[in-house]
1. Quickly run through the range 9-30 and pick out the residues that are surrounded by fewer than 17 Cβ atoms within 10 Å (Cβ to Cβ) and in a helix (DSSP H, G or I).
2. What are the residues in the range 192-239 that are surrounded by 14 or more Cβ atoms within 10 Å (Cβ to Cβ), without any contact (Cβ under 8 Å) to a residue 24 or more places away in the chain, over 19 Å from GLU12 (Cα atoms) and within 19 Å of the chain's Cα centre (by Cα), if any?
3. Restricting attention to the range 134-158, report how many residues are in a helix (DSSP H, G or I), touching a residue at least 40 places away in the same chain (Cβ under 8 Å) and within 16 Å of ASP86 (Cβ to Cβ).
4. Can you work out which of the residues in the range 159-169 that are touching a residue at least 60 places away in the same chain (Cβ under 8 Å) and assigned to a helix (DSSP H, G or I) is farthest from the chain's Cα centre (by Cα)?
5. How many residues are part of a loop (DSSP other than H, G, I, E, B) and touching a strand residue (DSSP E or B) at 6+ places or on another chain (Cβ under 6 Å) when one looks only at the range 46-67?
6. One residue is enough: does the range 111-133 have a residue meeting the conditions of a type in the set (Val, Ile, Thr) and outside any loop (DSSP other than H, G, I, E, B)?
7. Within the range 143-173, take every residue that is under 25 Å from VAL234 (Cα atoms) and among the acidic types (Asp, Glu) and give me the one that is surrounded by the fewest Cβ atoms within 10 Å (Cβ to Cβ).
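The values are calculated or read from the model by the stated rules, or taken from the named source; none is laboratory data. Since the model is a prediction, treat every value here as computed from it, not as a measurement. Cβ sites come from the backbone with ideal geometry, for glycine too, and all protein chains shown count toward neighbours.
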Amino acid sequence: MSARLRLKHLIEAGRTAGGLFVSIPAPEIVEIAAVAGFDFVLIDLEHTLVDGADLERMIAAADRAGLSALVRVPGAGSERILQSLDAGAAGIVVPRVSSLSEAAEAVRRARHAPLGIRGLNAGRLGRYGDADLPAMPARLDAETLVIAMIEDPAGLEAAPAIARLKGVDGLLFGAADYSQAIGLPWQTGAPAVVAAGSAVVRACREAGLHAFAFTRTEADLPRLREEGVRGLLVANDRGLLRRALTDADRTWRNLPGASR
């Protein structure tokens, strides 16, 4: 099994996969995630300025380390969908999908004809031409994950229809932006936000799709697993680094005479 397909194989087998959300453009972060035991990473291009060269190196690091790399692209109409997939991403995560038409645009860009308009490329995934090129489009379409993020009430209302759209493989609930959209910014544990997340998972379950979720606390895990979430984003690199550095700083500042 290739590293790129690790996530897909796990969730299709009904197993839970753990992921790290990555915002720092460093291949070493990806490699450390693999050493720590993660199954996949989600590299963020929506809120970061990760460039193409850095992204290619991070995806290559995932391949070497044995985990899958998803990429959150800037939006449904982004040219970076094609570039991320050609670089070898296991799939894309599309933010702010609020309608069936936006989901359809993401599918159109991520899939080859006749379902979409993804261009042909005999690059990394085609072993630079040393592969069965005519068979590649169908193979890549079968291997690639397209995941839509539901982040506002309009997206929540459209979630059942989005989940049934051919070419969509899963949904990911964006609790933080949803909380903002309903006037409760950062209150991701508010009952209305939790209920919306459960509704997204239910839409996946009813359509036979894969459900993904961000976990905010360890207490979330049993509920999400019971609801049927298989792709769990359990940590983010910047938050982990900040907490570790804070703990280290507090340790030495407790010494007598240390600056405060």
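1. To start, the set of residues in the range 9-30 that are surrounded by fewer than 17 Cβ atoms within 10 Å (Cβ to Cβ) comprises 9, 12-16, 26, 28.
Within the range 9-30, HIS9, GLU12, GLU28 meet the criteria.
2. Across the range 192-239, the qualifying residues are THR215, ASP220, LEU221.
3. Total meeting the criteria: 2.
4. Of all residues in the range 159-169, those touching a residue at least 60 places away in the same chain (Cβ under 8 Å) come to 161-162, 165, 167-169.
Imposing the further condition that a residue be assigned to a helix (DSSP H, G or I) reduces the set to 161-162.
Details: ALA161: 20, ILE162: 17 Å.
By that ranking, first place goes to ALA161.
5. As a first pass, look at the range 46-67 and keep what is part of a loop (DSSP other than H, G, I, E, B): 46-51, 66-67.
Checking which are touching a strand residue (DSSP E or B) at 6+ places or on another chain (Cβ under 6 Å) leaves us with 46, 67.
Residues meeting the conditions: 2.
6. So the first thing to find is which residues in the range 111-133 are of a type in the set (Val, Ile, Thr), and the list is 117.
Checking the rest, the ones that are also outside any loop (DSSP other than H, G, I, E, B) come to none.
Within the range 111-133, not a single residue is of a type in the set (Val, Ile, Thr) and outside any loop (DSSP other than H, G, I, E, B).
7. Among those residues, the one meeting the criterion is GLU143.
Residue-by-condition table, conditions (1) in contact with a strand residue (DSSP E or B) (Cβ under 9 Å, 6 or more places away or on another chain); (2) modelled with pLDDT of 95 or more; (3) not in a loop (DSSP other than H, G, I, E, B):
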residue	(1), (2), (3)
LEU171	yes, yes, yes
VAL194	no, yes, yes
ALA213	yes, yes, yes
VAL234	yes, yes, yes
ARG238	yes, yes, yes
LEU241	no, yes, yes
ASP249	no, no, yes
SER259	no, no, no
